[in-house]
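Have a look at the structure below before the remarks.
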Amino acid sequence: MISFRIFRAVLFSAVVMGSHQTSASALDVLTSFYPVYVSTLNVVGDTPGVRVEILAEPFVGCLHEYSLTTAAMKKIAKADVFVANGAGMEAFLDKAVRQNRSMKVVEASQGIPLLDGNPHVWVGIGGAIMQVRNIADALAAADPDHAAEYHQNAKA
């Protein structure tokens, strides 16, 4: 029977090694709201070492009147990449960037023509496809080791 001392040492080693491995290679991706979150999840797929979180709870809907919370600021502080819809959807974006200046910000709607200034580009097939490509390109730039996976997932 294993002694408690040995068990504790093995458990400690596993935790330290596991946390070191995860934190050293992990890419923390934070998305602004649900449509961008779903697209980003699909681009990431099963890529190892990449975590995708959402800033606003899924029930929030559009972010026109969203205000940052303390919990949201904590998520922003630890993110490596922030995927936003852009096109003026996230009025809080400047404040988020000031919170974590090392975070790479991706505006998924970049280069997509807006119809009458409407930032809801993901609701049309063409806009959704372009956003997925923009997300894949940005993640590939932030994490070149997995670029092929991001582009393959985006294509699928």
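What the table below lists for this structure:
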item	result
Asp80 being modelled with pLDDT of 95 or more, among the charged types (D, E, K, R), within 13 Å of the chain's Cα centre (by Cα) and farther than 22 Å from Gly61 by Cβ	yes
Residue count, the stretch 83-132 (criterion: under 16 Å from the mean Cα position of the chain (by Cα), part of a helix (DSSP H, G or I) and within 19 Å of Tyr150 (Cα to Cα))	2
Whichever residue in the stretch 69-127 is of a type in the set (S, T, N, Q) and open to solvent by less than 60 Å² (accessible area, probe 1.4 Å) and, among such residues, is nearest to Gly49 (Cα to Cα)	Asn100
Some residue of the stretch 96-113 being in contact with a Gly (Cβ under 7 Å, 6 or more places away or on another chain) and among the hydroxyl-bearing types (Ser, Thr, Tyr)	yes
Single unsatisfied condition, Val43 versus (1) aliphatic (A, V, I, L, M); (2) surrounded by fewer than 19 Cβ atoms within 10 Å (Cβ to Cβ); (3) touching a Phe, Trp or Tyr at 6+ places or on another chain (Cβ under 6 Å); (4) in a helix (DSSP H, G or I)	(2)
Meets criteria (modelled with pLDDT of 90 or more, part of a strand (DSSP E or B), more than 12 Å from Phe33 (Cβ to Cβ) and not β-branched (Val, Ile, Thr)) for Arg51	yes
Residues of the stretch 53-68 that turn out to be over 12 Å from Ala96 (Cα atoms) and crowded, with 16+ Cβ neighbours inside 10 Å, as a count	4
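The values are calculated or read from the model by the stated rules, or taken from the named source; none is laboratory data. What you are looking at is a predicted structure, and each value in this text was computed from that prediction instead of being measured. Reconstructed Cβ throughout: ideal geometry from the backbone, glycine too, with neighbour counts over all protein chains shown. Only protein heavy atoms, including side chains, enter the accessible area calculation; ligands, DNA and RNA are left aside. Shrake-Rupley method; radii C 1.70, N 1.55, O 1.52, S 1.80 Å.
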